[in-house]
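In what follows, a single structure is set out as structure tokens and then discussed.
The values are calculated or read from the model by the stated rules, or taken from the named source; none is laboratory data. What you see is a predicted model, and the numbers here were worked out from it, not measured in a lab. Cβ placement follows ideal geometry from the backbone for every residue including glycine, while neighbour counts extend to all protein chains displayed. We work out accessible area using only protein heavy atoms, side chains counted, and drop any ligands, DNA or RNA first. Shrake-Rupley method; radii C 1.70, N 1.55, O 1.52, S 1.80 Å.
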Amino acid sequence: MKSSDRRKFIKIMGSGSLAAALPLSISKALATPANNRTGTIADVEHIVILTQENQSFDHYFGTLRGVRGFSDPRAVNLPNGRPVWFQPNVPDHFGLGADELPPFRVKLPSLGMTYLPGTAHDWNSSHRAWNFGQYDQWVANKSPMTMAYLKRSDIPYHFALADAFTICDAYHCSVMGPTDPNRYHMWTGWTGNDGLGGGPVFSNAEDGYGWKTYPERLEEAGVSWKVYQDVGDGLDAIGSHFWGWTDNAYIGNYGDNSLLYFHQYQDAKPGTPLAIGAKTGTNIAAGGTQLNLFDQLRDDVKNGKLPQVSWIASPEAYSEHANWPANFGAWYITQVLDILTSNPDVWSKTILFINWDENDGGFDHIVPPTPPMGSNGGKSTVDTINEVYVNNGSSSFISGPIGFSARVPLLAISPWSKGGYVNSQVFDHTSMIRFIEQRFGPDYPGLIEPNITPWRRAVAGDLTSIFNFATPNALKVKLPNTASYMPPEANSNPSYKSGRPSYPVTPSNILVGLPVQEQGIRPARALPYQFNVYGASSFSDKTFHINFNNIGLAAAVFQVRSGDAAVLPRSYTVEAGKSLADTWNVDSTYDLSVYGPNGYLRSFKGNIAVGATSLDVRASYLSEERGSISLRITNTDIKGVDVIVLDAYTGVEFGQYLAPNEVLDHVWSLYNFNGWYDLIVRVTGDSAYESRLAGHVETGRDSTTDPVIGGLTLKG
């Protein structure tokens with residue numbers, strides 16, 4: 001962009017007329033009724049996917065009201081017994097004089113407009129941070145900046161989108177690795193996991209690949225598609241440019257149109273379907289302003305020619321890559337949303353997904369679901385083929401699960417997802433393909449993606465639970481103005497190119513301490529999860545047994561973590577309607593915790609010495625309007641015990657003496673807490689024994705988020 005054009009544009013953006021028009025136009029669009037012809041997913045005619053760069057969920061939304069963020073009451077503990085937030089800090093960074101580093105916020109004005117340094121996000125450093133599920137090597141492998149986070153005052157537009165529409169807090173990037181392998185999952189279902197077509201690809205090598213992509217399946221089926229992008233210096237690999245990547249950060253596609261790393265697109269001739277769909281775009285380097293980045297999208301929306309499926313790849317400066325200001329991206333998102341909503345008829349039939357391809361090296365506190373690693377790493381009822389990589393000495397990539405990796409944000413912007421909801425079903429990038437399958441598969445044969453592995457297809461949902469297609473929400477919401485987020489200069493920040501932060505990293509400019517999450521709850525979409533997990537000790541052979549029963553409608557991954565640092569976590573994938581069981585050897589005491597989706601927790605503590613407590617504790621759900629939970633506690637010992645059950649949400653205790661083989665049945669109404677519960681079973685005189693049951697009872701209806709996360713005062 002010429003300097004004179006930039007000055008003119010900034011002047012226009014700063015004028016009252018345009019600045020005021022942005023929130024007004026969006027508010028009007030939010031009031032646009034959804035296309036409700038059938039009351040089903042068939043009412044969706046356009047799916048638009050805008051994938052930004054490199055932000056973890058906690059980094060952006062860990063302080064957002066209601067989501068599973070920094071106030072998560074059931075976060076895991078590290079092998080050293082400390083909560084997951086307090087990552088080992090070796091060597092001592094920032095001169096803090098501490099051996100651990102919790103999340104921190106940089107003390108700078110306009111943090112959302114600040115160039116922050118990126119962190120390592122390659123395959124090897126990501127797997128080492130994960131550390132076989134122990135999850136305790138983030139600072140050592142990602143640098144101290146892994147623990148930095150933003151809050152509402154830094155990125156108000158992103159928070160406002162979440163408050164107006166729907167945010168997903170269990171959406172994971174697909175690979176413990178960098179951008180390209182994650183985008184390959186979004187565009188093809190995997191990263192060549194079977195070793196054919198140039199795969200598996202675990203880096204940004206961009207060598208050229210040959211397995212089939214999903215847009216090819218769309219083309220064969222007759223579903224229209226397109227990639228919206230700027231061509232930069234050219235969409236080829238000639239000279240100094242490389243498939244849309246350019247030294248000018250304000251043009252091009254930052255190389256994020258990963259379809260162009262496939263031979264079938266590279267070889268596509270002008271005028272052919274693959275070339276038209278993936279190798280065309282705007283060309284603002286030839287003259288124009290930043291607003292011209294959106295010319296093709298604007299024309300297609302205006303003229304009713306928006307494809308059925310489209311993807312958007314932004315220039316580097318707007319990509320929200322860790323080294324670029326987040327609010328440059330907010331400005332870009334605003335332009336896209338403003339264009340889509342400029343034609344009410346088109347918007348009434350459109351879903352805009354905004355997601356982030358990977359987490360950079362940014363910390364997120366949720367240990368991602370992974371397939372079991374070897375016979376001692378857990379079990380799975382579904383085949384895990386092509387989901388675990390084993391280095392046989394032929395590469396530099398260490399062995400480990402391919403995915404999932406850390407959570408990244410997903411915002412679902414549409415007339416069917418208004419109202420500030422959260423959806424906590426487990427998703428990943430292949431869920432985008434699954435949603436397209438659900439929408440267009442019934443009408444267009446050939447759209448089921450075979451590249452998606454059985455394990456991933458079972459564990460990751462298809463995004464349909466995000467939306468209310470039957471009775472769409474017509475809530476009107478105003479969003480803040482982003483005109484001031486327009487980048488002041490079209491020059492790359494030198495700190496980005498050199499890889500150095502643009503501010504001094506010293507104790508004086510960071511705020512360290514566990515962040516405070518915003519108070520309050522938000523509406524939550526109904527989920528397909530329902531489980532019955534229980535455990536029992538065996539004194540005769542010194543073992544502890546856990547049974548995993550999935551009585552819900554979707555597969556789930558359970559992670560079992562031990563209080564013994566020498567015992568590695570195990571992973572159990574259980575499909576809907578199926579069960580698994582496993583055994584742990586016990587020396588003298590046991591301390592095992594089972595973590596599942598949406599805050600599900602079962603924990604077992606005790607010992608197997610003579611005279612130790614032996615109870616069989618099982619829960620069942622009663623799915624009335626807001627759910628109830630029933631406990632059946634059986635005393636399997638030869639002596640009587642006084643059992644006490646603490647309701648952690650009310651502080652109320654219930655106690656009863658149980659003779660040998662006596663059974664206690666008791667029901668707790670969860671009406672006041674919309675199905676959330678946290679019950680702790682203890683025994684008088686045996687301080688070692690404790691059984692904890694926590695989670696949410698799903699009733700098939702929408703609910704609210706965990707009141708403990710919201711910091712609310714709980715009353716019986």
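Per-structure values
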read-out: Count of the range 249-262 residues which are out of contact with any strand residue (DSSP E or B) (no Cβ under 8 Å at 6 or more places or on another chain) and assigned to a loop (DSSP other than H, G, I, E, B); value: 2
read-out: Some residue of the range 351-369 being modelled with pLDDT of 95 or more and more than 18 Å from the chain's Cα centre (by Cα); value: yes
read-out: Any pair with Cβ under 6 angstrom, 6 or more apart, that starts in the range 34-57 at a residue that is farther than 13 Å from W416 by Cα and open to solvent by less than 10 Å² (accessible area, probe 1.4 Å) and ends at one that is among the aliphatic types (A, V, I, L, M) and in a strand (DSSP E or B); value: V48/L352; L50/I312; L50/I354
read-out: Meets criteria (open to solvent by less than 10 Å² (accessible area, probe 1.4 Å), out of contact with any Pro (no Cβ under 6 Å at 6 or more places or on another chain) and in a loop (DSSP other than H, G, I, E, B)) for M186; value: no
read-out: Exclusive hit being closer than 21 Å to E53 by Cα and of a type outside the set (V, I, T), set D267, D256, D300, D236; value: D256
read-out: Enumeration of residues in the range 672-697 that are open to solvent by 20 Å² or more (accessible area, probe 1.4 Å) and of a type in the set (D, E, K, R); value: R682, D686, E690, R692
read-out: Tally of residues being of a type in the set (F, W, Y), more than 25 Å from Q530 (Cα to Cα) and not in a loop (DSSP other than H, G, I, E, B) across the range 426-469; value: 1
read-out: Answer residue from the range 77-99, given it is surrounded by 19 or more Cβ atoms within 10 Å (Cβ to Cβ) and in contact with a Pro (Cβ under 8 Å, 6 or more places away or on another chain) and is modelled with the lowest pLDDT among those; value: N89
read-out: Test for L568: is it assigned to a loop (DSSP other than H, G, I, E, B), more than 27 Å from L658 (Cβ to Cβ) and in contact (Cβ under 8 Å) with a residue 60 or more places away in the chain; value: yes
read-out: Test: residue in the range 636-646 that is of a type outside the set (D, E, K, R), part of a strand (DSSP E or B), open to solvent by less than 30 Å² (accessible area, probe 1.4 Å) and in contact (Cβ under 8 Å) with a residue 40 or more places away in the chain; value: yes
read-out: Within the range 161-187, tally of residues that are polar (S, T, N, Q), closer than 22 Å to H365 by Cβ and in contact with an Asp or Glu (Cβ under 8 Å, 6 or more places away or on another chain); value: 2
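So that you can scan it fast, the table gives a plain yes or no per residue for (1) assigned to a helix (DSSP H, G or I); (2) buried (at least 24 other Cβ atoms within 10 Å of the Cβ):
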{"residue": "G118", "(1), (2)": "no, no"}
{"residue": "H121", "(1), (2)": "no, yes"}
{"residue": "N124", "(1), (2)": "yes, no"}
{"residue": "Q134", "(1), (2)": "no, no"}
{"residue": "T146", "(1), (2)": "yes, yes"}
{"residue": "S153", "(1), (2)": "no, no"}
{"residue": "H158", "(1), (2)": "yes, yes"}
{"residue": "T191", "(1), (2)": "no, yes"}
{"residue": "G199", "(1), (2)": "no, no"}
